[in-house]
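The values are calculated or read from the model by the stated rules, or taken from the named source; none is laboratory data. Please read all numbers here as calculations on a predicted model, not as lab measurements. Cβ sites come from the backbone with ideal geometry, for glycine too, and all protein chains shown count toward neighbours. Keep in mind that these areas ignore ligands, DNA and RNA; they rest on the heavy atoms of the full protein, side chains included. Shrake-Rupley method; radii C 1.70, N 1.55, O 1.52, S 1.80 Å.
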Amino acid sequence: MSSEPQAFGADPKPYYLAVAALVLLEFLRRAFLGYVPDDFTAYLAAADVFVAGEHPYGSAIFDAARYNGKVYNYLPGTLWFIAPLAWLPTAAAVALDWIARVAAVGFALRVFARRIAPDIKFQFVLLIALFHEPLTVDLLFGNFTSYLMGAFAVTVWAAHREDGWGTRAAVFAAGLVLAFKPFWVLGALYVLASKRR
C-alpha cells in the first residue's frame, strides 16, 4: 500500500519542536548558566542607578555592579518602566526578559503572518524570522527591538478589531513601549490612521 509523499514542510511539528528546543536552551542558559545578554546590562545598570536615586545618564552608571560597558540611551521617562529590574536578581531578570521577548516576537509573527502573508504556512514565517540576522541578534543580545516589534504588531492587530476598552488599553500599552524609540510611533500612527482608528 503506497501513500502519497507529503509536501515539504506540510507537517509543522518538527519546526515547532526545533524552535521550542532553542527557546528552552536559551532560557536555561539565562536562568541557570549565568548568561546575561550584553545590551540588556544597560537596562539593569540604569535601573539600579535610578532606583538608588542617582543619575543614570552621568558617571554614576560606571560604578553600578551590573554595568558592562553599555550606557542607557533612552528618554528619561522610560526609566520608570525599567525600574523594577533593580529589585530582581540578574538571573531572574534575564530569564523573565527571555519569556517576554519570545512572547512579543511570537505574537508579532502571528499578526504579521495573518495580515501580510496569509497563504504562507506559519512554520515558514517562523523560520524566515529566525534566519533574519537583526532579529536573531536582538533576541540573543537583549536590545529592545523585539518589544518594539511586538508593540507595533499590537497596533496592526488593534487596527483590525472592533473598538473597545480592551483594544484601547492594548494600544495605550503599546504606546508606552514605543516611547523607548519614538520614531517607531510614526509607523504605528500610520497603521491606525489608515484604518481611521
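For the chain, the 222 nm mean residue ellipticity estimated from helices alone, with every DSSP H stretch of n ≥ 4 adding -39500 (n - 2.57) and the total spread over all residues, rounds to -20000 deg cm²/dmol. With each label modelled as a point 7 angstrom along the Cα→C-beta vector, the ALA179-ALA10 pair spans 5.1 nm. Accessible surface calculations at 1.4 Å, restricted to protein heavy atoms, place region 80-197 at 57 Å² per residue.
Sequence-ordered 3J(HN,Hα) estimates for region 176-188 from the Karplus curve with 6.51, -1.76 and 1.60 and θ = phi - 60° stand at 5, 5, 5, 5, 5, 9, x, 5, 5, 4, 4, x, 5 Hz, glycine and proline given as x. If you work out Kirkwood radius over Cα pairs in Å from the coordinates, which of [x] 17.8; [y] 20.8; [z] 18.6 do you get? Structure-derived value, by its label: [z]. Taken one residue at a time, the phi angles of region 143-160 give Karplus couplings (6.51, -1.76, 1.60, θ = phi - 60°) of 6, 9, 4, 4, 5, 5, 5, x, 5, 4, 5, 4, 5, 5, 4, 5, 5, 10 Hz. Gly and Pro are set to x. The charge dipole of the chain, taken about its Cα centre with unit charges on the Cβ of Lys, Arg, Asp and Glu (plus for the first two, minus for the last two), comes to roughly 600 debye. At a 1.4 Å probe, what is the % contribution of carbon and sulfur to the accessible area of region 31-91? That fraction is 63 percent. Spin-label model, PHE81 to PHE124: label points 7 Å out along the Cα-to-beta-carbon direction sit 3.4 nm apart. Bridging of LYS121 to aspartates and glutamates at a Cα separation below 19 Å is possible for ASP11, once same-chain residues fewer than 8 apart are set aside. Here the label points at ALA193 and PHE32, each 7 Å from Cα along the C-beta direction, are separated by 5.1 nm in the simple model. Relative to the longest principal axis of the Cα atoms of the chain, the long axis of helix 40-51 lies at roughly 40 degrees.
In order along region 110-119, phi translates into HN-Hα couplings of 4, 4, 5, 4, 6, 8, 9, 9, x, 8 Hz, rounded to whole numbers, per the Karplus curve 6.51 cos²θ - 1.76 cosθ + 1.60 with θ = phi - 60° and x for Gly and Pro. Atom-type composition of the exposed protein surface of region 144-197 places 68 percent of the accessible area on carbon and sulfur (1.4 angstrom probe).
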